[in-house]
Amino acid sequence: MQISIVSGKILSNKEKKIGWKIDAYYIDSCNCDWGCPCQFLAKPTHGKCEGMGGIQIKKGNYGSTLLDGLGAAFVVSYPGAVHEGHGKASHYIDDRATHDQFQALSKILTGVAGGGPFEIYASTCESFQEPRKARIKIDINGLKSHVHITDVGEVQFEPIRNPVTNQIYRAIIELPTGFEASRMEQASSKKLVVDDGYLNFTYSDTYGSLSDVSWSGP
């Protein structure tokens, strides 16, 4: 698989920023333990941070370009906490996207468009792959939601269970000023697997969350 690495300097381009907004379901999975200490500004459970985010757009636009119904995803890997930087990232956009939609989502996901959590992630990454089209399947099914990116990886959720009774253990994190989401339904990532030729990791029984988000920029 050929890999194209784009320097973070892409963020310094001078083109005029265009207003955008996305209302979406957001599936977030990482290698931390359930609850993810990073959500509370603490260090990652195992020192480093690796994960995948899946985005199923309900309604969205980048200027006059509509983004309704499209999917997108990103994969990140950091040697430490996100805010400490030195990250790497890959970005994937629904293969059904038109040229204009692909360009729009590329600018949003890589932080060039400004705003949303993407600008923050971009500011902490040293390098990332050029955005690529991929077949993305996102099944929003509560605590059993699933993301699959052909030839890249997948996330499979299941409910968190009480280790003594095996009963489903419900939990919600609320962060009024959270940069990704303000309310996150907690799940267990039964499977978190990525291998795209640039980033490669496999985890199970780790942090997962499902959110209904509204992002905009710049």
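Among the residues of the range 80-95, those identified as out of contact with any Asp or Glu (no Cβ under 6 Å at 6 or more places or on another chain) and assigned to a loop (DSSP other than H, G, I, E, B) are Gly80, Ala81, Gly85, Asp95.
Condition first: closer than 21 Å to Gly71 by Cα, assigned to a loop (DSSP other than H, G, I, E, B) and at pLDDT 95 or above. Can you find one or more residues in the range 166-175 that meet it? No, the conditions are met nowhere in the range 166-175.
Note on the range 131-162: among residues that are surrounded by fewer than 21 Cβ atoms within 10 Å (Cβ to Cβ) and of a type in the set (Val, Ile, Thr), the one that is nearest to Val193 (Cα to Cα) is Thr150.
Listed here are the residues, each with its yes/no results for (1) acidic (Asp, Glu); (2) more than 26 Å from Asn141 (Cα to Cα); (3) assigned to a strand (DSSP E or B); (4) modelled with pLDDT under 95.
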| residue | (1), (2), (3), (4) |
| --- | --- |
| Lys16 | no, yes, no, yes |
| Tyr26 | no, no, yes, no |
| Ser29 | no, no, yes, no |
| His46 | no, yes, no, no |
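Condition check ((1) more than 15 Å from the chain's Cα centre (by Cα); (2) among the small types (Gly, Ala, Ser)) across all residues:
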residue	(1), (2)
Lys88	no, no
Ala97	yes, yes
Gln101	yes, no
Gly114	yes, yes
Thr124	no, no
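So is Ile55 among the β-branched types (Val, Ile, Thr), out of contact with any helix residue (DSSP H, G or I) (no Cβ under 7 Å at 6 or more places or on another chain), within 21 Å of Asn200 (Cβ to Cβ) and not in a loop (DSSP other than H, G, I, E, B) or not? The answer is no for Ile55.
Condition (residue is assigned to a loop (DSSP other than H, G, I, E, B), touching a residue at least 60 places away in the same chain (Cβ under 8 Å) and either buried (at least 23 other Cβ atoms within 10 Å of the Cβ) or of a type outside the set (Val, Ile, Thr) (or both)) applied to the range 58-79: is it met by at least one residue?
Just the residues of the range 58-79 that are assigned to a loop (DSSP other than H, G, I, E, B), to begin with: 63-64, 67-70, 79.
If we keep only those that are touching a residue at least 60 places away in the same chain (Cβ under 8 Å) too, we end up with none.
No, the range 58-79 has no match at all.
Looking across the range 106-123, the residues that are within 20 Å of Ser211 (Cα to Cα) and either among the small types (Gly, Ala, Ser) or out of contact with any Asp or Glu (no Cβ under 8 Å at 6 or more places or on another chain) (or both) come down to Ile108, Leu109, Gly115, Gly116, Phe118, Glu119, Ile120, Tyr121.
If we only count strands (runs of 3 or more DSSP E) wholly inside the range 96-145, which ones have 1 or more residues that are without any contact (Cβ under 8 Å) to a residue 12 or more places away in the chain?
Working: elements: 125-129, 132-134, 136-139.
Once the strands (runs of 3 or more DSSP E) in the range 96-145 are filtered for at least 1 residues that are without any contact (Cβ under 8 Å) to a residue 12 or more places away in the chain, what remains is 136-139.
Within the range 191-205, does at least one residue satisfy the condition of being part of a strand (DSSP E or B), aromatic (Phe, Trp, Tyr) and closer than 16 Å to Ser90 by Cβ? Scanning the range 191-205 turns up at least one residue that is part of a strand (DSSP E or B), aromatic (Phe, Trp, Tyr) and closer than 16 Å to Ser90 by Cβ.
Assess whether Gly178 counts as being under 21 Å from Pro44 (Cβ atoms), surrounded by 15 or more Cβ atoms within 10 Å (Cβ to Cβ) and modelled with pLDDT under 95.
Details: under 21 Å from Pro44 (Cβ atoms): yes; surrounded by 15 or more Cβ atoms within 10 Å (Cβ to Cβ): yes; modelled with pLDDT under 95: yes.
Spelling it out, Gly178 is indeed under 21 Å from Pro44 (Cβ atoms), surrounded by 15 or more Cβ atoms within 10 Å (Cβ to Cβ) and modelled with pLDDT under 95.
The values are calculated or read from the model by the stated rules, or taken from the named source; none is laboratory data. This structure is a prediction, so every number in the text was calculated from the model and none was measured. Backbone-built Cβ (ideal geometry, glycine too); neighbour counts: all protein chains shown.
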